[in-house]
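Below is one structure; the comments refer to it alone.
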Amino acid sequence: MSFPEQTWIDMERALVAASLCEITPSDARDRMCAALSAHLGASCSLRQGHHSVGDDEEALLIGSSVEDTASTLFVPRNAALDSATRERLKRLFELLLQAAHPIRHGARTLHKLRNRLAGLQTNVEFVEMVISSSEEGELGPDFPRADVNTSLTHAITVCRDMAKALRALSGLDEP
């Protein structure tokens, strides 16, 4: 289905207004959805998170759960959007999400975060090695060995998850 040029213009104007902070991103979302709904003759909506679709609607997944911008654009299934229109809609709404959730992915920031994470992970693993090589069953009355090991295991798991998220943010991996 081909969109009239006026629909695209209305949606792009709302996006530009939000990018220039003339209107809020939620106002831009409402205007973009209204323009889309007026053209399709049925209600469209953008909801936070990636959701499954109902029988009468099609879902376009936008944003990323890693960046906490995951959203779903719901359009009527009878809209029969062609792939070019679908991709253009996704790009417009992704740009809106970027205006609403600005994230600076500078190489310096990612490098610094990776280095800090690696240092944290190395220190935690070192402490875990020291604890596991200890011959005593307890580290002291307030620190049972099993509790400390459990805490360190959780910390290492979190570090690995953070490293995976950073790789995804930097474009090295898919989330």
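The values are calculated or read from the model by the stated rules, or taken from the named source; none is laboratory data. Predicted model, so just to flag it, every value in this text is computed and none were measured. Note that each Cβ is placed from the backbone with ideal geometry, even for glycine, and that neighbours are counted across all protein chains shown. The area values use the complete protein model at the heavy-atom level, side chains included, leaving out ligands, DNA and RNA. Shrake-Rupley method; radii C 1.70, N 1.55, O 1.52, S 1.80 Å.
Tell me the label-point distance for the pair residue 9, residue 43, using the 7 Å Cα-to-Cβ offset, in nm and rounded to one decimal.
Label at residue 9, label at residue 43, 2.9 nm between them.
Pop out the carbon and sulfur fraction of the accessible area of segment 7-88 as a percent, whole number, probe 1.4 Å.
Numbers: 2030 of 4310 Å².
Heavy-atom surface of segment 7-88 belonging to carbon and sulfur, 1.4 Å probe: 47 percent.
Are there GluC sites (Glu not before Pro) in segment 1-46 that DSSP puts in a loop and that have at most 12 other Cβ atoms within 10 Å, and which ones? Can you show the working numbers first?
Values: sites: 5, 12, 22; in loops: 22.
Listed in order of number, the matching sites are 22.
What is the spin-label model distance, in nm, from residue 59 to residue 116 if the labels are put 7 Å beyond Cα along the C-beta direction?
About 3.4 nm separates the two model spin labels.
With a ≥ b ≥ c the root eigenvalues of the C-alpha gyration tensor of segment 9-65, is it rounded (a/c under 1.5), prolate (a/b larger than b/c) or oblate? Let's see the in-between values first.
Details: a/c = 2.85, a/b = 1.41, b/c = 2.02.
Verdict is oblate for segment 9-65.
In whole angstrom, note down how far apart the Cα centers of segment 86-101 and segment 3-18 are.
Here the two parts' Cα centres lie 12 Å apart.
Once you put a point 7 Å from the Cα of residue 16 and another 7 Å from the Cα of residue 156, both along the Cβ direction, what distance in nm separates them?
Between residue 16 and residue 156, the label points sit 5.5 nm apart.
Within segment 6-45, report the trypsin sites (Lys or Arg not before Pro) that DSSP leaves as loop and that have at most 11 other Cβ atoms within 10 Å. Don't skip to the answer; put the middle values down first.
Details: sites: 13, 29, 31; in loops: none.
Listed in order of number, the matching sites amount to none.
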